[in-house]
Amino acid sequence: MDFFPDVTLAVVAGGQGRRLSGVPKGLLKLGDRTVLERLLELSPLFAEVLLVANTPEPYARFGLRTVADVVEGKGAPGGVHAAMAGAKTAWVLAVACDMPFVMPEVVRVLLEARSPEVDAVCFTVEGRVEPLLAVYRSTLAGPWGGALQQGDPSLRELLSQCRPQLLPEEALRAVDPEMNSRVNVNTPEDLLRYGLSLP
């Protein structure tokens with residue numbers, strides 16, 4: 001089993017799932033386990049697990065170190081920024097809390113693509129960057145914080161301002177042929193499609 005002592009696993013819980021009756025999406029269930037519990041199965045790979053949640057109370061029973069957004073009201077970019085700012089390691093793997101099928105093999109591909117010349121590693125699927133299953137250098141917290149205070153950049157815009165290593169779709173398919181690792185659950189239709197239930 002690999003271990004990456006310079007990486008924090010950051011689960012970005014963000015806001016409430018408005019299209020899912022306002023439930024905390026990390027508590028959606030697949031069988032008898034929550035999505036967050038499934039993501040925490042990755043934790044042996046990492047130095048620490050960090051939960052980014054502006055409303056941490058629903059997740060209290062997991063006993064995770066929790067941080068809130070530093071720059072409020074910025075959605076996913078604010079969540080990833082909070083993870084970088086809160087991490088004690090050089091790198092952060094940011095994963096959305098509503099991704100039930102993230103595979104260790106996929107995580108390993110991202111982490112092994114890091115290099116001194118790179119600030120972030122992401123997959124591209126159908127020409128679009130996947131910023132919420134990606135690895136970021138924690139030192140990006142400074143410049144990204146400044147950009148978030150000045151405007152509303154998307155994660156893709158923020159990535160374009162650093163040195164990203166964009167992995168092709170084939171790199172994901174090689175270890176996850178169905179590409180289930182990138183699935184996130186946002187709507188009642190998604191619950192049905194992937195067999196999840198409300199907490």
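Computed quantities for the displayed model
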| item | result |
| --- | --- |
| Which numbered condition GLY73 misses (of (1) part of a loop (DSSP other than H, G, I, E, B); (2) within 26 Å of VAL175 (Cα to Cα)) | (2) |
| Residue count, the stretch 91-127 (criterion: in contact (Cβ under 8 Å) with a residue 12 or more places away in the chain and not in a strand (DSSP E or B)) | 22 |
| Top-ranked residue of the stretch 151-199 - restricted to ones that are of a type in the set (Ser, Thr, Tyr) and either under 25 Å from GLU41 (Cα atoms) or surrounded by 12 or more Cβ atoms within 10 Å (Cβ to Cβ) (or both), ranked as nearest to the chain's Cα centre (by Cα) | SER181 |
| Matching option when the condition is within 30 Å of GLY31 (Cβ to Cβ), in contact with a helix residue (DSSP H, G or I) (Cβ under 8 Å, 6 or more places away or on another chain), in contact (Cβ under 8 Å) with a residue 40 or more places away in the chain and part of a helix (DSSP H, G or I), among ALA134, ALA171, ALA85, ALA141 | ALA171 |
| Failed item, numbered, when ALA90 is tested on (1) modelled with pLDDT under 95; (2) within 17 Å of the chain's Cα centre (by Cα); (3) surrounded by fewer than 21 Cβ atoms within 10 Å (Cβ to Cβ) | (1) |
| Pair list, Cβ < 6 Å and 6+ apart or interchain, from the stretch 41-54 residues that are closer than 21 Å to ALA76 by Cβ to residues that are surrounded by fewer than 17 Cβ atoms within 10 Å (Cβ to Cβ) and among the hydroxyl-bearing types (Ser, Thr, Tyr) | VAL49/SER43 |
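The values are calculated or read from the model by the stated rules, or taken from the named source; none is laboratory data. Predicted model, so just to flag it, every value in this text is computed and none were measured. In this analysis, Cβ positions are derived from the backbone assuming ideal geometry, glycine residues included, and neighbour counts consider all displayed protein chains.
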